[in-house]
Amino acid sequence: MTFGFRNRNIMETLRILIEKGQWHEIDSILKKMFVDQTDSAPFTEAIYLLHTTLLNPSTNFPDDGFEKVRQILTKLFEKSSPKFLNDPCYLFFVGYLITLCDWCFGLDDVTLGIDMLRRASELEPSSLLFRWGYSFSTSQADSEFLSREISKDQEVISFLASYGDAGKYIEEQIRNLPYFFSLPKE
């Protein structure tokens with residue numbers, strides 16, 4: 001099996017294996033990723049897939065599947081984090097997911113996610129996207145402005161699209177943020 005940036009085959013294979021409860025095969029694929037990949041994108045996509053699988057109420061897990069998926073996600077996160085410690089894309093995407101649901105990663109709070117988002121914005125201070133992630137996760141006032149600017153920046157939108165479902169999810173969050181700011185305050 002070939003792993004490559006923007007390769008949907010690996011994500012579809014993982015989805016099918018999760019549905020079938022084939023944990024050993026999932027583990028084998030992820031081990032191969034560690035040998036074959038130097039790019040963080042496949043790891044980010046796999047982490048996003050496992051994260052959303054856990055949070056999707058319509059997921060039909062076989063037997064002890066929920067806990068198995070959580071363990072696989074935690075293991076993938078723990079093994080990939082040191083490898084991509086200085087990769088702002090990995091730090092941004094995974095940090096953002098941690099701020100949404102820390103327990104999926106075996107954590108007790110969102111502090112590490114916020115730290116990862118801060119680090120991504122420090123590594124690439126000119127990135128509106130990485131600044132937005134940190135700003136939004138820490139409820140800073142400029143997150144609305146940044147989301148509006150990002151929504152108009154085709155280069156950032158294309159970058160997000162290159163990260164598959166994870167990028168589409170972030171783009172959706174960014175595009176919807178100004179709407180939430182326009183809601184009446186109670």
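The table for this structure:
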quantity	calculated
Where S81 falls short, out of the listed (1) modelled with pLDDT of 90 or more; (2) farther than 19 Å from F130 by Cα	(2)
Scan of segment 87-126 for residues that are of a type in the set (G, A, S) and without any contact (Cβ under 8 Å) to a residue 40 or more places away in the chain, ordered by number	G106, G113, A120, S121, S126
Residue among V94, V69 that alone is within 15 Å of the chain's Cα centre (by Cα), crowded, with 20+ Cβ neighbours inside 10 Å and within 26 Å of K20 (Cα to Cα)	V94
Some residue of segment 14-36 being closer than 29 Å to L128 by Cα and either surrounded by 16 or more Cβ atoms within 10 Å (Cβ to Cβ) or under 12 Å from the mean Cα position of the chain (by Cα) (or both)	no
Selection status of L128, among the aliphatic types (A, V, I, L, M) and either touching an Asp or Glu at 6+ places or on another chain (Cβ under 7 Å) or crowded, with 20+ Cβ neighbours inside 10 Å (or both)	yes
Output for segment 87-120, where each listed residue is farther than 21 Å from K31 by Cα and not in a helix (DSSP H, G or I)	C101, L107, D108, D109, V110
Output for segment 161-186, where each listed residue is at pLDDT below 85 and outside any helix (DSSP H, G or I)	L183, P184, K185, E186
Segment 146-160 - residue that is among the charged types (D, E, K, R) and in a helix (DSSP H, G or I) and, of those, surrounded by the fewest Cβ atoms within 10 Å (Cβ to Cβ)	K152
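The values are calculated or read from the model by the stated rules, or taken from the named source; none is laboratory data. From a predicted model like this one, the values you see are computed outputs, not experimental measurements. Methodologically, a virtual Cβ is constructed for each residue, glycine included, from the backbone with ideal geometry; neighbour enumeration extends over all protein chains shown.
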